[in-house]
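*Asks:* Take a look at this one; I'll ask things after.
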Amino acid sequence: MKPALKTISLDDVYIPSEKVVARNIEGELIIVPIEDGVADFNDALYSLNETGRKMWELFNSNTSLGMICNLLAEEYNASLEKIQKDVFNMIDKLSDMKMIKKLGS
């Protein structure tokens, strides 16, 4: 049986899971699980690119996905549609790996 598709809304707020810690090491954001069952990490580490780091910072400020998309589109001078697609893909991936969770879930 195929798993149900997640519904992601621009009004949603995602926050980092309490099961991971993130550290900025020499300009790179490294995310490390601190509990079993988080992600399928290679060597138990995960790093984010520049845009991913900016998103992670905004997760820590309880910002809605709509606001995150608007801020990233402005900062990177990119189309809102492209940013929304990229953000939703990242949300899907990070939540599947249990690195973030939807606030109120």
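Every read-out reported here was derived from the displayed coordinates using simple, explicitly stated rules and does not represent laboratory data. Note that the structure is a prediction, hence the values are computed from the model and not measured. Using ideal geometry, Cβ is built from the backbone for each residue, glycine included, and neighbour counts are taken over all protein chains shown.
*Asks:* Using the reciprocal of the averaged 1/r over all distinct C-alpha pairs, how large is the Kirkwood radius of the chain in Å?
*Replies:* 14.3 Å
*Asks:* Okay, next question. What value, in deg cm²/dmol to 500, does the helix sum -39500 (n - 2.57) over DSSP H runs of n ≥ 4 give at 222 nm once divided by the residues of the chain?
*Replies:* Taken over the chain, the calculation gives -11500 deg cm²/dmol.
*Asks:* Would you count, across the chain, every pair of lysines whose alpha carbons are under 14 angstrom apart, provided the pair is eight or more residues apart or spans two chains?
*Replies:* 10
*Asks:* Of the candidates Glu26, Glu50, Glu18, which one comes out as most mobile in a Gaussian network treatment of the chain with C-alpha springs shorter than 10 Å?
*Replies:* Among Glu26, Glu50, Glu18, the largest GNM mean-square fluctuation belongs to Glu26.
*Asks:* What's the longest bit of the chain with no exposed chymotrypsin sites (Phe, Trp or Tyr not before Pro), using DSSP loop states and at most 16 other Cβ atoms within 10 Å as the test?
*Replies:* 1-40
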